[in-house]
1. Helix 389-418 sits at what angle to the longest principal axis of the chain, using alpha carbons and giving 0 to 90 degrees rounded to 10?
2. Tell me, what % of the accessible area of the chain is carbon and sulfur with a 1.4 angstrom probe?
3. Compute the accessible area per residue over the chain, keeping the other protein chains in place, probe 1.4 Å, unit Å².
4. Tell me, how many Å apart are the Cα centres for the range 526-552 and for the range 95-141?
5. For the range 267-407, just say rounded, prolate or oblate: build the C-alpha gyration tensor, square-root its eigenvalues into a ≥ b ≥ c, call rounded for a/c under 1.5, and beyond that prolate if a/b exceeds b/c, oblate if not.
6. Considering every Cα-Cα pair within the chain, what fraction, in whole percent, is farther apart than 32 Å?
7. Specify the angular offset, from 0 to 90 degrees and rounded to the nearest 10, of the alpha carbon long axis of helix 55-68 from the longest principal axis of the alpha carbons in the chain.
8. Ordering F464, F349 by how much accessible area each has at a 1.4 Å probe, largest first, what is the list?
Amino acid sequence: MIADSGSFTGAEPKKKRRDTSRFKQVPETLEMREGLRLRCRDVADKLDKSRPLSKDELEKIARLTLEQAGLSEVYLGWMMVNLASAFWHSQVAAVPFERRLFLLPHCLKHAEGCPAEYDDFGLDCRKCGACTIADFRTRAEDLGYKVLVAEGSPIVLKIIVSGYVDAICGVACLNVLEKAIDKILLAGIPCMAVPLLSSDCRNTGVDERWVMDMIETRQEAPAVKTKSYVHLMRAAAQMFEPTELDRVAPRVRGGATLAEANGHGVGGLDPIAATEAIAYDFLSKGGKHSRPFITLAVYDALTGGQATAANGAEFIAQIPAAIKRTAMSIETFHKASLVHDDIEDDDQFRYGEATMHRKFGTPTAINVGDYLIGMGYRLVSRDKATLGADAVCDILDRLADAHMKLSEGQGAELLWRDSLQKQLTPLDALKIYALKTAPAFEAAVYSGLRLAGPVQDASFVGQFARHLGVAFQILNDLNDWRGDDHNKLLAGGDVLGGRPTVLWALALEGTNDAQRAELKEICAAKQLTPTTLARVKKLYTEAGVFDKAARLVEKYRQRAEEVADGIENEDLRRLFYYLIDTVLEKAEPEAEPNVVGIQGLQLPVVSR
Ligand code: SF4
């Protein structure tokens, strides 16, 4: 079924995602850059600003504009950044300076003579004047900006979702800006950027007057405000802040929180209330809150889409608590599965802290996990009066179904891990993935649909969740070979942990008998050294494992896009595409911003 109105999902043949390094040339002269920037402004003035441009649309328009200028696609990345900046210019300019975040790259610093030190939130510029960072930072701070000399969109998104800033102005190289487009622009967050003149990572340069113009831009609120998911993201995160958590889902036992009893640990708590206190403390810690975001966003898409409008925050404040509780229940199940997973894998850290079983002991952790499961069901069952008995039944049924499937997937993984065979076909691994990740997506989407009203045929939800969930899991496997310092995760952790990954299955399929025997021997050793890990990586590479896995991600992405193309409701279709583009983008390590040092931003230093 071809989409009704939008060019958003026009019937263009799906392009395979590709290496973009050859599209990252910067136009050589200032005159050339000025000319192209004017073209971008002209084009952006004619664009419909009511909703964010998708990445495909941004690329298409940038290509067209380059063609009209008689220039080749090598400048595509640069054009896309300038086109996006022109698109958002009026909306960034309408945001007060003190509600803007200004991002500077540390590679602008004077590499040989810079006296500045690095700390948790980036480079602490001493404003010695040896490079332009001092000028830009001083001007921006004088105007009231929050300034960070750091990179990486996960930090930026966390600061946006934390609700302290409403727009971003940044200077960065095209590699960093490419990732920012994925995460920030698609979410509809007003953002402008000036690309660096090179991606050399040392002593780089930039069009300084462009940066100053961007910092100083200020104007009246534009007529049209672009739809944005930022209000829904904030709502999903804020629901788990201790005060809001207690307001929407008041504690039954009450009494001291774990934080309040911290001096005396759980010993300082009423034993009857202790389990609840530990559970609520864990609920308010960490995570992207993507599942509650999905439920709220689906509900919003089917009830008029007001939460994505400019005054979305006011509308979200009116969403009944019963709707929010259902959105919370999915996250509560997710947290329960994390507690149990960490015990099953004996993981040491979660959210940069010791895992629950390491803190309180395995028996207590198992019990808190069970408590969270019960709480997940009760967050829905108690709202029969508001949601209606049928809706509550349907949602509870879907949650129970998801819970059982997740346990089947986890069970299959645990049994494989403890088996001696280590035999696994790619299909086996994909089945485990479909059971392990898809049900949570499915339950989150279905709950949003059902909260909005009766659902005739929800089969597309299961298909979409399966394709997205499997692609997400394979991408996780590929990222596993990238390591993650912040969460203290080692590269190749899945081989260490003996997880049944599709990479392992593809390796068994793609190697000869001798190599297979060597792989199994290394895996059986339990103690892997950097040498043996490197050997595993070499065998994987020779067997084409990483390429095959990347192609599988593309296949499942395309299938998810085909399901999205079949959706009539444009807001829901857009949301599905947004989920595909954000869930399946190459993940960066989840660095925790210690933002206390940002001028004008006073936040408690707790790991969230
Ligand atoms: S101005 Fe700041 S960043 Fe630049 S060299 Fe001096 S201390 Fe380093």
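The values are calculated or read from the model by the stated rules, or taken from the named source; none is laboratory data. Keep in mind that this is a model prediction, so the values were computed, not measured. We work out accessible area using only protein heavy atoms, side chains counted, and drop any ligands, DNA or RNA first. Shrake-Rupley method; radii C 1.70, N 1.55, O 1.52, S 1.80 Å.
1. 80 degrees
2. Working: 14130 of 26280 Å².
Of the solvent-accessible surface of the chain, carbon and sulfur hold 54 percent.
3. Numbers: 26280 Å² over 608 residues.
So the chain comes to 43 Å² accessible per residue, rounded to a whole number.
4. Their Cα centres are 40 Å away from one another.
5. Cα axes put the range 267-407 in the prolate bin.
6. Working: 94793 of 184528 pairs.
So the portion of pairs separated by more than 32 Å is 51 percent.
7. So the inclination is approximately 20 degrees.
8. Sorted descending by solvent-accessible area, the residues read F349, F464.
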